[in-house]
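Right, one structure below, let's go through it.
Each value in this text was obtained by applying a stated rule to the coordinates, not by laboratory testing. In this text, all values refer to a predicted model and were calculated from it rather than measured experimentally. Note that we place each Cβ from the backbone using ideal geometry, even for glycine, and neighbour counts take in every protein chain shown.
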Amino acid sequence: MRNLSIRWKLVLIIGLVSNVTVLLACATLVVFDWNASRDAMVERMTTLAGVVGNNSVASLEFGDARTAREILAELETEPNIKTAAIYGADRRVLAFYQQGGGQLAPTSPEPEGYRFEEEFLIVFRPVIYREKQVGTIHLSSDLRELDERLGRYVAVVGAVVVGASVVSLLLAILLQGVISRPITRLADVAQAVSRHQNYALRAEPHGQDELGKMIAGFNDMLEQIQSRDSELQGTRDQLQQRAEQLQQELSERLRAEEARENAERELEAQRTLSLRADRLRSLGEMAAGIAHELNQPLMGVRGLAEHMLIAMEREWTMDEEHIRDRLERIVEQSDRMVHIIDHVRRFAGEAGRSDVAPIQVDGIVESAVSLLGAQFKAHGLDLAIESAGNLPPVLANAFSLEEVVINLLSNSRDAVESRSAADGRQGRVVVRTSSPDSTQVCIEVEDNGSGIPESIIAKVFDPFFTTKDPDKGTGLGLAISRTIVEESDGQLILESTPDQGTRATVVLPIAEIVRV
């Protein structure tokens, strides 16, 4: 386009601007009409589902499948309806309707709403009678009408765009001469002056607009050039000398600029190395955290496997139930390692919510204590359980909740071990389970360690924040534990008194409250 004449540049610019404007306007109209048509279709289908639902109340109340089928048969007047179904309060299909090419209705209803799925609009709407849901209506409509409307609209818009393009191109060709002709004449004069060095030539004046002013200025310039041409020869030597000086200055500046760029590259390289080192350090901390979290179940699996190997080597008699118990515990610990890895990934934003089920917290606490009891005993520390008994179940993931208890016990173990080594006090950790009211269950892990200073207690839930030595933890335990507890709609509360101890409380709603 750079080498085109000014005439064709003006034609192309005018045509391009007008065509793009028309095209954008038409595209906006197409998108608006498409969205409006979709919304209208959704509204009509939702209303139709409501009408079918109102007509089906009696059939749903009395389980009258024949009448329900008759109601659905009336949908034959709606050719776009390919599939329809009436579900009872028991979520089973009471009546079903299907035209040619329709999808099969789902075996159970979905939540209220709609979605566009390939070539169909799917609608589910509950049937409410006396403030109670007595059933659900399902309608599935094809998008043929919507596609046909879009095709017609696009065809009309395309015709408008083509027509507007032709008209704008013709107008551009007719009107471009108003600007291009004076510019072309001015260019011809400039070429003649340049070719013949004849500064007596002048361009033809052209009105008082910008082009006229430009031509007048060009003529004035020619007059000044003509008067100064005689002076150029005298100043040429001076300019040559000045040019040499400028060349020298430019060379010096280029050398200075090159030195500056080299310094900037070195600085950027150092910054890149620093960032890489930080990333490697973070990866090392994450690897250490994962190893810390997986250490306990790995030790459990290893201990069980070694016990069975010793039994086989010494030919001890082991009944099938004893072997099954050991294998089930190995599978259980392996599953817990999988869940631990899943929680580390979920904390980094890579995993989804774990499956939950009603569980008894006493069993979780006993499992965690049995896993860590040998460690406490080996370090000369007391570990006790105080249970209120007969606690209601909570809705949580058993392995994840056990991981939380293990994390809290591990933190308390490190705290009391450090305090015991410092002043000789007997280290003690108590795990309590209780239900303070009819809505929640609590798990408390209390120790008589050195406590947590007030200045850092607000930071203990931050990822990788730790006051331990690098070989004892990376600060992931409490952060992961709080994430697990909050996924079960619970709370993890930390209370500490310096030089007296720390109490960590897990508060979980009971399963009945969660379901409501």
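For residue 377, the aspartates and glutamates whose Cα falls under 16 Å of its own Cα, not counting residues fewer than eight places away in the same chain, are 366, 414, 417, 447. If R0 is 35 Å, the Cβ-Cβ spacing of residue 309 and residue 379 corresponds to a FRET efficiency of close to 0.85. Approximating the spin labels as points 7 Å out from Cα along Cα→Cβ, the residue 320-to-residue 110 distance works out to 4.7 nm. Ranking of 56, 37, 370 by neighbouring Cβ atoms within 10 Å, starting from the fewest: 370, 37, 56. Count the net charge of all other residues whose Cβ sits under 12 Å from the Cβ of residue 67, scoring Lys and Arg as +1 and Asp and Glu as -1. Local net charge: -2.
As a proxy for reagent exposure, ranking 132, 459, 82 by other Cβ atoms within 10 Å from fewest up yields 132, 459, 82. Projected label points at residue 12 and residue 456, each 7 Å from Cα along the beta carbon direction, are separated by 6.9 nanometres. Relative contact order of region 6-173: 28 percent, from C-alpha pairs under 8 Å at least 6 residues apart in sequence. Modelled label positions at residue 260 and residue 90, each set 7 Å beyond Cα in the direction of Cβ, lie 8.4 nm from each other. Counting neighbouring beta carbons within 10 Å and listing from fewest to most, the residues 307, 138, 196 come out as 196, 307, 138.
If R0 is taken as 60 Å, the Cβ-Cβ distance between residue 153 and residue 328 corresponds to a FRET efficiency of 0.40. Straight-line cross-link partners of residue 132 among the aspartates and glutamates, defined as a Cα under 20 Å from its Cα and at least 8 positions apart when in the same chain: 61, 64, 90, 110, 112.
Evaluating 6.51 cos²θ - 1.76 cosθ + 1.60 at θ = phi - 60° for every residue in region 400-409, the Karplus couplings come out as 5, 5, 5, 4, 4, 4, 5, 4, 5, 5 Hz, glycine and proline recorded as x. Excluding residue 505 itself, calculate the net charge of residues whose Cβ lies under 15 Å from the Cβ of residue 505, where each Lys or Arg counts +1 and each Asp or Glu counts -1. Net charge in that neighbourhood comes out at -4.
Between residue 194 and residue 236, residue separation times 0.36 nm minus the direct Cα-Cα distance comes to 13.2 nm. Highest mean first, the peptides 184-193, 502-511, 84-93 sorted by other C-beta atoms within 10 Å per residue fall in the order 502-511, 84-93, 184-193.
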